[in-house]
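This report refers to the structure that appears directly beneath it.
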Amino acid sequence: MASCKKVCVIGAGVSGLAAARELRREGLDVTVLEQRGGVGGQWLYDTATDAGDPLGVAGVHSSMYASLRLITPREVMGFSDFPFRPGKDGDSGAGEVDARRFPGHAEFLRYIRELCDVFGLMDAVRLNTAVTRVAMAPPRRDGSLRWAVRSKHHGEAETEEVFDAVVVASGHFCQPRLPTIDGMDRWRRRQLHSHSYRVPDAFHGEVVVIVGCGISSKDIGLELRRVAKEVHLSAKSPEEAMTPAMSKILARYDNLHLHPQIEHLREDGTVVFVDGTCVVADAVVYCTGNTYSYPFLDTDGKVTVDDNRVGPLFDHVFPPALAPSLSFVGIPAMVVVPLFNEVQARWVAQVLSGRRALPSPEEMARAAEEYNRGREAAGVAKRRTHDILDLEYCDDYGERNCGFPRLEAWKKELMWSSYLTMRIRQF
C-alpha cells in the first residue's frame, strides 16, 4: 500500500487519542469520530444510565462507577512523553487536587483533557457523532483498499465519507458480557450489569447477589456492604476466591458472604447456588466483564468476534486480509495503559505513513494462528486471547514493531509491587 493521507479514527478515548496524536506526527490527515459529548471514552463518567436497559445490552454509556480509583500508579499511567502529574486546584472539576498515587477517575479524565489541549487534538475530534457503518469502498487506482464511513451527528442526517484507512479504537468496556443462568429471563426482581452501576444508594436495606469475583465485583461488594442488608458474592471457584485477605474480610463483616456459582433463579426471588444453598434476593448484579463488539463494522467476514477473540489479528492490531488500511488500537487487556495504546498507535502510524512495512498477508495470518495455538496450548481460554499481563512481552512488542523504548526497571518494579499489594489487601 502506498502511504495514505486520510485516516478515520473511531473513538476518542485513550486509544483513539493516542492514535490521532501518532498519525498527526506522521503527517496524516486525521478525523476522530466520537459518539459521546466529550473525550475520554471509558473515563468520561456519566451519572445517568438507561433505566430501561439495566443489563446494558445497548452498550452506549461508560462502565465507570462513582467510587472507582486507578489500580495502576500514576507514575506509570501516563504517555511516554507526557507524565501524569497532579493537576492544579479545581482542575478535576471536584474543586480540589487529587494528588494520590492511585487517584479517582476524575483526575485521569483531567489528564486526558490536558493531553488534548497540549497537543492540539480537539480540532480533529467530532463529538456527538456516532459511526453507523464502516465498509469497503471502491479501491484506489493502485488497488489499495479504501473505506466508506457512515456517521450521524446528533439531530442531523446520516453522512458518508471515504477514507484511505480506518483505525478502530472504540474500546472494550461498553458491551457487557452476561452469563447464561437458568431462570434469568423469568426472574422478576432487579437485575443489572455492573456496566449500569454508579452508586450504592438504591440498594439500601436490600439483599444483593453479586455474580463474579473480579476487581469490580469486590469493589462494588465492599461498597454495597455499607448500605445493603446482605451482600452475597458468587464465584466460579470459591476455593480460589478464598484468599487469606478474603477470609479476613468475610470474618470482619457479618453481612458479606461467599458462595459458589448460581444454579438457577426462581421467579419468587430465590437464588439457588450449585451447593444447594439459597438466598431470597432483591437484586442480582452481574460483574461478569465485557465483550468486544463492532456492530458498525462490515468486513465481509474477514474480521469476526468469536468468544471474545477478535480475529484474525496480527499482533492484536492488523487483520491480515485487510491490512494496513484497517487496524485496531486498544484491544489488549491487562497491559500498561496508556503506554501500550501509544505503542500500538505509533506502529499503525508508521505503517500507514510508509515508514514501516508489514509482513505479507500470509505471514501475518500464520503468525496470528501460531499465537492463538500457543495460548490455547498454555491453557488460556479463547475469551482471554487478548489478556496479556506480561511486561516483558509488552516491551518486546513495542521494540519489535515500532522501536518503542522499553519500560524502565523501576516502573516495572512499582507496577508489580502495586499489583501484589492490591491482591493482598483487596481480597
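Every number in this text was worked out from the coordinates using simple rules, so none of it is lab data. What you see is a predicted model; the values in this text were computed from it and never measured. As a convention, Cβ positions derive from the backbone with ideal geometry for all residues, glycine included, and neighbour counts pool all protein chains shown.
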**Prompt:** Rounded to the nearest 0.05, what FRET efficiency is calculated for Arg266 and Leu127 with R0 set to 56 Å and r the Cβ-Cβ distance?
**Reply:** 0.80
**Sorted by Cβ neighbour density within 10 Å, fewest at the top, the residues Trp416, Trp147, Trp187** = Trp416, Trp187, Trp147
**Complete:** Note on the chain: contact order normalised by length, alpha-carbon pairs under 8 Å, 6 or more apart, percent, works out to 19
**Prompt:** FRET efficiency for Ser80 and Glu156, Cβ-Cβ distance as r, R0 = 35 Å, nearest 0.05?
**Reply:** 0.40
**Prompt:** Most mobile of Arg85, Arg141, Arg190 per a Gaussian network model of the chain (Cα springs, under 10 Å)?
**Reply:** Arg141
**Prompt:** What net charge do the residues around Asp268 carry, taking every other residue with its C-beta under 11 Å from that of Asp268, with Lys and Arg at +1 and Asp and Glu at -1?
**Reply:** +3
**Message:** Counting other beta carbons within 10 Å of each residue's own, what order do Glu114, Glu376 fall into, fewest first?
**Reply:** Glu376, Glu114
**Complete:** For the chain, the Cα-Cα pair-distance distribution in 10 Å bins from 0, as whole percents, is 4, 20, 30, 26, 15, 4, 0, 0
**Item:** Phi-based couplings in Hz for region 203-216 (Karplus 6.51, -1.76, 1.60; Gly and Pro marked x)
**Value:** 9, 4, x, 9, 9, 10, 9, 10, 9, x, 9, x, 4, 5
**Prompt:** Between region 349-370 and region 154-223, what's the alpha-carbon centroid distance in Å?
**Reply:** 34
**Request:** Throw me the Rg/Rh for region 190-286, computed over C-alpha atoms with Kirkwood Rh, two decimals.
**Result:** 0.93
**Complete:** A correct Karplus calculation of ³J(HN,Hα) over region 353-364, with 6.51 cos²θ - 1.76 cosθ + 1.60, θ = phi - 60°, whole Hz and x for Gly and Pro, returns 7, x, 7, 9, 9, 9, x, 5, x, 5, 5, 5
**Item:** Highest-MSF residue in the chain out of Thr277, Thr72, Thr31 [GNM, Cα springs under 10 Å]
**Value:** Thr277
**Message:** Can you compute 3J(HN,Hα) from phi for each residue in region 166-176, using the Karplus curve 6.51 cos²θ - 1.76 cosθ + 1.60 with θ = phi - 60°, rounded to whole Hz and x for Gly and Pro?
**Reply:** 10, 10, 8, 9, 8, x, 9, 10, 10, 10, x
**Amide H partners (placed H, <5 Å) of Ile210, local residues excluded** = His232, Leu233, Ser234, Val285
**Request:** Would you order Ile388, Ile71, Ile210 from fewest to most other beta-carbon atoms within 10 Å of each residue's own beta-carbon?
**Result:** Ile71, Ile388, Ile210
